[in-house]
Amino acid sequence: MEQRILGKTGRNVSIVGLGTWQLGADWGNVDPAQAQAILAASVEAGVNFFDTADVYGDGKSEQAIGKFLADNPGLDITVATKMGRRVDQKPEHYTLANFRQWVDRSRKNLGTDTLDLVQLHCPPTPVYSNAEVYDALDTLVSEGAIRNYGVSVERTDEALEAIRHKGTASVQIILNAFRLKPLDEVLPAAKAANVGIIARVPLASGLLSGKYTKETTFAENDHRNYNRNGDSFDVGETFSGVDYELGLKAVAEFEQIVPEGASTAQAAIAWIAAQDGVTTVIPGARNGEQAAANAAAASVSVSEDFDGGVRWIYDHYFREAIHPRW
Ligand SMILES: NC(=O)c1ccc[n+]([C@@H]2O[C@H](COP(=O)([O-])OP(=O)(O)OC[C@H]3O[C@@H](n4cnc5c(N)ncnc54)[C@H](OP(=O)(O)O)[C@@H]3O)[C@@H](O)[C@H]2O)c1
């Protein structure tokens with residue numbers, strides 16, 4: 001699979017990576033054996049970049065990756081984790097002392113002395129402009145606990161702020177056919193500053209696979225059930241913040257323009273990977289088949305016509321509600 005350099009990390013990562021929120025919790029149940037099958041299918045298909053977080057299943061996702069790496073020694077995989085959401089979301093919690101504790105826990109879960117990449121996990125907005133936070137992260141690098149750090153953000157203004165800080169190696173942001181705002185300023189700014197872009201929620205939580213209908217139901221312990229209105233975390237993380245039924249209408253249009261030979265999900269992923277400035281796209285998967293199909297999207301090419309169609313659908317259905325918000 002094609003690889004690109006992930007910003008200031010200097011690491012070569014596959015243009016399709018794997019999101020591993022599903023290996024923890026919040027997506028109904030994914031059992032440990034299935035978690036291992038998802039990781040194995042991804043690697044088999046050329047993926048060498050996993051995104052996880054200390055909070056996914058309160059460590060289960062990190063532990064699943066740790067087990068996979070221990071069972072498969074010698075693999076050259078970059079693992080990006082995240083920290084900060086196991087405590088109340090207050091700026092004063094983003095201290096060196098807390099970072100040390102959080103990082104130590106992730107090192108243990110992942111079975112490694114040095115974390116490849118740690119991302120602040122959508123912290124309160126003031127954290128992104130706090131020089132002391134970056135100093136603390138630099139300290140972790142100099143101590144050898146982490147190799148690089150980056151941020152995961154909800155909004156484009158947060159991304160632009162983080163990009164201004166010289167130690168920021170990567171920015172993770174929602175970018176998909178229903179969320180085009182990062183194309184305006186974030187991608188050009190990241191490229192100019194040599195900051196890698198990790199594009200998350202590429203399938204709008206599965207909507208862009210085209211497999212759901214008005215009648216589809218989601219398990220009680222699936223955020224697509226309990227976070228529809230943003231009751232537990234930012235509503236933009238669930239179906240990318242779009243109204244579910246409007247999303248179904250837009251997907252029906254999207255399906256009309258999918259390139260021949262590609263699935264709807266693959267076209268959605270390939271379109272993101274084709275955007276200038278994107279380093280890697282990290283679809284989540286609930287089984288090995290999805291993981292393999294998503295990795296195969298790396299060889300789907302998208303035309304200018306398709307790109308025009310994606311932009312038309314966004315302008316027609318979502319721009320007014322989505323663009324000012326995130
Ligand atoms: N704040 C943050 O930093 C943050 C927030 C959200 C996500 N993330 C990261 O981004 C990753 C990706 O986002 P996401 O997992 O939220 O959403 P996503 O990748 O847009 O959607 C994942 C869902 O899409 C469906 N799917 C995936 N591949 C498919 C295929 N080939 N065919 C049909 N359906 C398919 C599955 O739904 P079913 O379960 O219905 O089969 C899967 O659970 C996460 O795993 C996580 O690593 C980070």
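Of the listed residues T114, T78, the order by accessible area with a 1.4 Å probe, largest first, is T114, T78.
Each pair of Cα atoms in the stretch 3-322 enters the Kirkwood radius, and Stokes-Einstein at 20 °C and 1.002 mPa s then converts it into a translational diffusion coefficient of 110 µm²/s. Largest accessible area first, the listed residues M1, M83 line up as M1, M83 when surface is computed with a 1.4 Å probe on the assembled protein chains. The stretch between R311 and T95, if pulled fully straight at 0.36 nm per residue, gains 73.7 nm over its current Cα-Cα span. Note on K249: lysines with a C-alpha under 22 Å away, same-chain residues under 8 apart excluded, are K181, K211, K214. Mind pulling the angle between the C-alpha long axis of helix 131-142 and the longest principal axis of the chain? Nearest 10 degrees, somewhere in 0 to 90. Relative to the chain, helix 131-142 is tipped by roughly 70 degrees.
Please compute the contact order of the stretch 148-233 in relative form: average sequence separation of alpha-carbon pairs under 8 Å and at least six residues apart, divided by the residue count, as a percent.
Details: 101 pairs, mean separation 19.9, N = 86.
It comes to 23 percent, rounded to a whole number.
About its Cα centre, the chain has a charge dipole of approximately 420 debye under the convention of +1 per Lys or Arg Cβ and -1 per Asp or Glu Cβ, with nothing else charged.
Toward the positive end of the charge dipole of the chain, about the Cα centre and with charges on Cβ (Lys, Arg +1; Asp, Glu -1), which of T216, W271, G167 goes farthest? Towards the positive end, the residue furthest out is G167. Evaluated with a Cβ-only charge set (Lys, Arg +1; Asp, Glu -1), the stretch 182-324 carries a dipole of roughly 280 debye about its Cα centre, given to the nearest 20. For the stretch 109-224, the Kirkwood estimate of hydrodynamic radius, built from reciprocal distances between every pair of different alpha carbons, is 15.8 Å.
Loop sites here are GluC sites (Glu not before Pro) outside DSSP states H, G, I, E and B with no more than 16 other Cβ atoms within 10 Å. The longest part of the chain free of them is 3-142.
Taking each residue as 0.36 nm, the span from D71 to A219 lengthens on full extension beyond its C-alpha to C-alpha distance by 50.1 nm. Over the chain, DSSP H runs of length four or greater, each weighted -39,500 (n - 2.57), average out per residue to a 222 nm ellipticity of -11000 deg cm²/dmol.
Comparing A53, N109, I313 along the charge dipole axis of the chain, the residue lying farthest to the positive side is N109, per the Cβ-charge model. Only lysines eight or more places from K82 in sequence, or on another chain, were considered; those with a Cα closer than 20 Å are K8, K60, K67, K90, K108, K166.
The values are calculated or read from the model by the stated rules, or taken from the named source; none is laboratory data. Treat the numbers as computed from the prediction; the structure is a model and nothing was measured. Note: ideal-geometry Cβ built from the backbone for every residue, glycine included; neighbour counts use all protein chains shown. The accessibility values were calculated without ligands, DNA or RNA, using every heavy atom of the protein model including side chains. Shrake-Rupley method; radii C 1.70, N 1.55, O 1.52, S 1.80 Å.
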